[in-house]
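The values are calculated or read from the model by the stated rules, or taken from the named source; none is laboratory data. No experiment lies behind these values; they were computed from the predicted model shown. Note that each Cβ is placed from the backbone with ideal geometry, even for glycine, and that neighbours are counted across all protein chains shown.
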Amino acid sequence: MNTVGAADPALVRGVAVMVPLLAVVAAARLRRPSERDVAAAILATAWNLLALTGVNLLAVEAGWWRFAAEGAVAHGLPVDLLLGWALLWGAVPALAAARAARPAPPPAQAAVLVWLDLAFMPRAAPVVVLGGDWLTGEAVAAAAALVPGLLLARWTAAGVRLRARVGMQVALAAGLGLVLPVAATGVWRQPEWVLGLLAQVLAVPLLLGVAAVREFAAAGGGTPLPYDPPERLVTTGPYAYVRNPMQVSMTAGYLVLAPFAPVFLAAAAVAAAYGAGLAAWHEGERLTGRFGGDWEEYRRRVRPWLPRPRPAPAPGPPAAVYVSAVCGQCSQVGAWIERRSPVGLRVLAAETRPGTRRITYEAADGRTAQGVAAFAHALVHVHLGWALVGWALLLPGVARFAQLCADAFGAGPRAPGAPGTGPREPYATAGTGTGGAFRVDAPGYAAPDAQAGPGRGGSTETSGGPAPHMRR
């Protein structure tokens, strides 16, 4: 229970939202934040908003505290209190750190903010009614919302720990864009068979979006947030099929949900209008300024909303997948890839790459992958259907599990030149998707013939698959 006298509910709610809001405005006016500082403030606030929503719903169920409020209430939670709490733990410390020559370490920031919260919570009556174990809820809130938000803001402002930042942004997008709307609209109350079918259909557009985020980080060195963008133009992966894979993913996902709640139809319309209007204009201007002719050439080859059936070839050297030509099992994999005429991909003998013990994929920018992950990357060069399979295999943990299974069934690493089921003739490779072919060289086999080019005699194909972009 509360231990101090009750205050005016309007005053409590006004202070809870206006004090953090004024602190954010003051911090921004005292020192103009950089784009990275803005990104840090947005992400930290969004993380706290999502996490604190879950914690407060749990607090009501667990009896840690409850809310006695009328008006501006969503599912029993006062929206103004929730927003003020998210700003206090998110944007305020992020912008304060941007002003400081030597920002306080996250543990010190967390200690100060928890102290402020401990002081305010008992004084928030009658809006907030504390239970006997409310300190437990405060600890859960700090662990789930405050500390991760502070770390996300610090990493974003410093431009470090890219994989962690991207992972947290994916979690934010899923929580704010999918989980909360589905929970709020009651879509989850459908029969189990409907939910199972819905999950399978939703997996297709969501997979496209997750793969696009992954490509932003791997090929571009950035994140989907406009204030924390890739450093290089990204045209590989999903961006070889469609210019706006994240916006396509979001819009398609809402359309799938629309039959169960009409509000998702409106959400799809808003997402499409934003992507085709403001985002297209604003981001197009920025990309033209940053990448000039490369961006304009990419725009001519790839549509913004309708995916291509096959990936668009890009200027520059193609990627390569190295598969053993003397191992029967391995060479069958290489021949299977070759028969599908991958775009911007050469299939080469692993024996020509010293030290190769598994099938190996090497992108034009030097990134490499081995085993199942290499095969998954190769699938992205075939067509959109196989690309979806490849992106599914590249989901966190999936490729590792598939590799363990493959190794258990005899597809483990092999010594260079070691036979599998017996030697084979070297396979021909159509590395360009144009119908030409060349022979790969392996020890003890015939020398390679000339590589087929993109349409002129025997010129060498140099069209690579997908390589930089910043559109979402």
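So, in segment 225-270, exactly how many residues are aliphatic (A, V, I, L, M) and free of Cβ contacts under 8 Å to residues at least 12 places away in the same chain?
To start, the set of residues in segment 225-270 that are aliphatic (A, V, I, L, M) comprises 225, 233-234, 240, 242, 246, 248, 250, 252, 255-258, 261, 263, 265-270.
Now drop any that are not free of Cβ contacts under 8 Å to residues at least 12 places away in the same chain, which leaves 258, 265-266, 269-270.
So the answer is 5.
Go through the residues of segment 234-242 one by one and say whether even a single one is within 13 Å of the chain's Cα centre (by Cα), at pLDDT below 95 and part of a loop (DSSP other than H, G, I, E, B). So far as segment 234-242 goes, no, none of its residues is within 13 Å of the chain's Cα centre (by Cα), at pLDDT below 95 and part of a loop (DSSP other than H, G, I, E, B). A single entry from A119, A144 fulfils the requirement of being over 26 Å from the mean Cα position of the chain (by Cα) and surrounded by fewer than 20 Cβ atoms within 10 Å (Cβ to Cβ): A119. Taking interchain pairs and intrachain pairs at least six residues apart, which have beta carbon atoms under 6 angstrom, with the first residue in segment 319-337 and closer than 17 Å to W386 by Cβ and the second part of a helix (DSSP H, G or I)? The qualifying pairs are V321/A378; V323/C330; V323/V333; V323/G334; V323/A350; I337/A378. More than 28 Å from A174 (Cα to Cα), surrounded by fewer than 22 Cβ atoms within 10 Å (Cβ to Cβ) and modelled with pLDDT under 95 - does that describe any residue in segment 55-68? Yes, segment 55-68 contains at least one residue that is more than 28 Å from A174 (Cα to Cα), surrounded by fewer than 22 Cβ atoms within 10 Å (Cβ to Cβ) and modelled with pLDDT under 95.
Of the residues making up segment 360-378, those that are at negative phi and without any contact (Cβ under 8 Å) to a residue 40 or more places away in the chain number 7. Only a single criterion out of (1) in a loop (DSSP other than H, G, I, E, B); (2) modelled with pLDDT under 95 is not satisfied by R310, namely (2). Out of E283, E338, one residue alone is under 26 Å from the mean Cα position of the chain (by Cα) and acidic (D, E). It is E283.
Would you confirm whether or not segment 255-262 contains a residue that is modelled with pLDDT of 95 or more, of a type outside the set (D, E), loosely packed, with under 15 Cβ neighbours inside 10 Å and touching a Phe, Trp or Tyr at 6+ places or on another chain (Cβ under 8 Å)? Within segment 255-262, none of the residues are modelled with pLDDT of 95 or more, of a type outside the set (D, E), loosely packed, with under 15 Cβ neighbours inside 10 Å and touching a Phe, Trp or Tyr at 6+ places or on another chain (Cβ under 8 Å).
For W155, state whether it is among the hydrophobic types (A, V, I, L, M, F, W, C), in a helix (DSSP H, G or I), surrounded by fewer than 15 Cβ atoms within 10 Å (Cβ to Cβ) and free of Cβ contacts under 8 Å to residues at least 12 places away in the same chain. Walk me through how you get there before you give the answer.
Details: among the hydrophobic types (A, V, I, L, M, F, W, C): yes; in a helix (DSSP H, G or I): yes; surrounded by fewer than 15 Cβ atoms within 10 Å (Cβ to Cβ): no; free of Cβ contacts under 8 Å to residues at least 12 places away in the same chain: yes.
Taking the combined requirement at face value, the residue does not satisfy it.
Of the strands (runs of 3 or more DSSP E) lying entirely inside segment 313-409, those containing at least 3 residues that are modelled with pLDDT of 95 or more and closer than 22 Å to Y241 by Cα span 319-323, 345-349.
If you check A211, A183, A218 for being more than 18 Å from the chain's Cα centre (by Cα) and in a helix (DSSP H, G or I), only one passes: A183.
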